[in-house]
Amino acid sequence: MAVIVGSNTTFSVGANAKSTDQVDGQFEFVGRGNIGLSCLSSATGLNATLKVGGVTIIDDKPIPFFGTTGGMKILDNVFVNQAVAGGRIELFYRNTTGGALTVDYAVTFEPR
């Protein structure tokens, strides 16, 4: 069973800006298992970078835009689900537009 190791709703990223690391605290370090990222952005133009143990899982790739109606659903808005060897989780967002964008996200981890 997966646990949520980081999440936020309506996290705002300013115009042409990069966020700080979004995973910290007790669940920042994980062992071997599966890492997942589900996210829903407010519009196109928001990219994500996800690293685990220094290994890049997502490298500044655009978040698919699903529309802003309804809330984010972990199973419906999966961006990545990948087996990892473990280490420190790092998650960054980069806004490529001239206006602020928001994102709802959940980072999940399922140990093996």
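Scanning the stretch 33-51 for residues that are assigned to a strand (DSSP E or B), of a type in the set (Val, Ile, Thr) and without any contact (Cβ under 8 Å) to a residue 60 or more places away in the chain returns a single hit, 49.
Of everything in the stretch 41-58 that is among the aliphatic types (A, V, I, L, M) and within 13 Å of the chain's Cα centre (by Cα), the residue that is surrounded by the fewest Cβ atoms within 10 Å (Cβ to Cβ) is 58. Is at least one residue of the stretch 63-75 closer than 19 Å to residue 18 by Cα, touching a residue at least 40 places away in the same chain (Cβ under 8 Å) and within 11 Å of the chain's Cα centre (by Cα)? Yes, that holds for at least one residue.
Summed over the stretch 12-32, residues that are surrounded by fewer than 18 Cβ atoms within 10 Å (Cβ to Cβ) and assigned to a strand (DSSP E or B) total 3.
Here residue 56 meets each of (1) without any contact (Cβ under 8 Å) to a residue 12 or more places away in the chain; (2) over 30 Å from residue 112 (Cβ atoms) with one exception, condition (2).
In the stretch 97-112, the residues that are free of Cβ contacts under 8 Å to residues at least 40 places away in the same chain form no Cβ pair under 6 Å with any partner that is assigned to a strand (DSSP E or B), whether six or more places apart or across chains. Residues that are out of contact with any Lys or Arg (no Cβ under 7 Å at 6 or more places or on another chain) and either aromatic (Phe, Trp, Tyr) or surrounded by fewer than 18 Cβ atoms within 10 Å (Cβ to Cβ) (or both) were ranked within the stretch 59-68; the one that is nearest to residue 8 (Cα to Cα) is 68.
A short reminder: the numbers here are calculations on the coordinates, not readings from a lab. Source: prediction; values computed, not measured. Cβ coordinates were reconstructed from backbone atoms using ideal geometry, including for glycine residues, and neighbour counts include every protein chain displayed.
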